[in-house]
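The structure appears below as structure tokens.
The values are calculated or read from the model by the stated rules, or taken from the named source; none is laboratory data. Bear in mind the structure is a predicted one, so any value in this text is a computation, not a measurement. When we count neighbours, we look across all protein chains shown, and the Cβ atoms used for this are built from the backbone with ideal geometry, even at glycine. Quick note on the areas: whole protein, heavy atoms, side chains included, nothing else; ligands and nucleic acids left out. Shrake-Rupley method; radii C 1.70, N 1.55, O 1.52, S 1.80 Å.
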Amino acid sequence: MFRGKKYKESAKQVDKAMLYDPSDAMGLVVKTAPAKFDETVELHVKLGVDSRHADQQVRGAIVLPHGTGKTQRVLVFAKAAKADEAREAGADYVGDMDLVEKIQKENWFEFDVVVATPDMMGVVGRLGKVLGPKGLMPSPKAGTVTMDVTKAVNEIKAGKVEYRLDKTNIIHCPIGKVSFGPEKLTENFTALMGAVIKAKPAAAKGQYVRSCVVASTMGPGVKVNAAKLI
């Protein structure tokens, strides 16, 4: 894989064999972010579970103490009073069948998170094939299928992130921007890791957190010692 000069310079500052304390790791991520733009910092956690089994799924959502640094565009599927409630809470788009058709016919995806009231899930279900692969399908576990649309919209706008396993049993999740600085990133990291550890399935055997890496968009990965958090 081709790596640019800036990346190589940054990578020299990271000891690949070392497991860094969370605060030291965040300091290093901030220091080695080479881009001119404000890079996103992502956490990648490999878990000792098998996501093919329903009883070993790890999924949930948490409002990060300092948010993600990104303003999320929220689409809410709701009707009547609940639609008005969503608009008042600051949802970017609110509707029902009209939005379903817009997504189906125009391939419209100008949103980051989808919330739906339970009575709308029959309609939203028609979009499963397009929303599912993008990770946009509302789910009760993530708090995005709910009658309390005000709370859902407020939490998303405040920096709520959803975490879930991919096919290789790894969770990828943003924990903020480089401009947050090491302290705020460490607090967000600790909050997210705490939620992941709490979500450990009863069926999980052996070592739960296999590896934990943080990296900025363009920077090198920094391994974090997660043992202290467990």
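Points worth noting:
The rows are residues; the columns are (1) crowded, with 19+ Cβ neighbours inside 10 Å; (2) outside any helix (DSSP H, G or I).
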| site | (1), (2) |
| --- | --- |
| LYS8 | no, no |
| GLN13 | no, yes |
| SER23 | no, no |
| LEU28 | yes, no |
| ALA35 | no, yes |
| ASP38 | no, yes |
| GLU42 | no, yes |
| VAL45 | yes, yes |
| ARG52 | no, yes |
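- Screening LEU75, LEU19 for residues that are of a type outside the set (D, E, K, R), modelled with pLDDT of 95 or more and farther than 15 Å from GLU183 by Cα leaves exactly one candidate, LEU75.
- VAL58 vs. criteria touching a Pro at 6+ places or on another chain (Cβ under 8 Å), open to solvent by 20 Å² or more (accessible area, probe 1.4 Å) and modelled with pLDDT under 95: no
- Checked against (1) aliphatic (A, V, I, L, M); (2) touching a Gly at 6+ places or on another chain (Cβ under 7 Å); (3) over 12 Å from VAL45 (Cβ atoms); (4) part of a helix (DSSP H, G or I), ALA191 passes all but condition (2).
- Count - residues of the stretch 62-83 that are buried (at least 20 other Cβ atoms within 10 Å of the Cβ) and in a strand (DSSP E or B): 5
- Considering the stretch 133-162, the residues that are aliphatic (A, V, I, L, M) and part of a loop (DSSP other than H, G, I, E, B) include one that is most open to solvent (accessible area, probe 1.4 Å), namely MET147.
- Residue list for the stretch 71-114, restricted to those being in contact (Cβ under 8 Å) with a residue 60 or more places away in the chain and touching an Asp or Glu at 6+ places or on another chain (Cβ under 8 Å): GLN72, VAL74, PHE77, ALA78
- Residues located in the stretch 84-95, provided they are out of contact with any strand residue (DSSP E or B) (no Cβ under 6 Å at 6 or more places or on another chain), buried (at least 16 other Cβ atoms within 10 Å of the Cβ) and not in a helix (DSSP H, G or I): GLY95
- Restricting attention to the stretch 35-55 and to residues that are free of Cβ contacts under 8 Å to residues at least 40 places away in the same chain and charged (D, E, K, R), the residue that is farthest from GLU9 (Cα to Cα) turns out to be ARG52.
- Being open to solvent by less than 20 Å² (accessible area, probe 1.4 Å) and under 14 Å from THR146 (Cβ atoms) is a description that applies to THR117.
Residue-wise test of (1) without any contact (Cβ under 8 Å) to a residue 60 or more places away in the chain; (2) more than 13 Å from MET26 (Cα to Cα); (3) surrounded by 20 or more Cβ atoms within 10 Å (Cβ to Cβ); (4) out of contact with any helix residue (DSSP H, G or I) (no Cβ under 7 Å at 6 or more places or on another chain).
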| position | (1), (2), (3), (4) |
| --- | --- |
| CYS173 | no, yes, yes, no |
| LEU185 | no, no, yes, no |
| ASN188 | no, no, yes, yes |
| ILE197 | yes, yes, no, no |
| PRO201 | no, yes, no, no |
| SER216 | no, no, yes, no |
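- Taken over the stretch 100-132, the criterion of being assigned to a loop (DSSP other than H, G, I, E, B) and over 20 Å from GLY67 (Cα atoms) is satisfied by ASN107, TRP108, PHE109, GLU110, THR117, GLY132.
- Condition broken by LEU127, with the remaining ones in (1) open to solvent by less than 50 Å² (accessible area, probe 1.4 Å); (2) without any contact (Cβ under 8 Å) to a residue 40 or more places away in the chain; (3) over 26 Å from ILE170 (Cα atoms) satisfied: (3)
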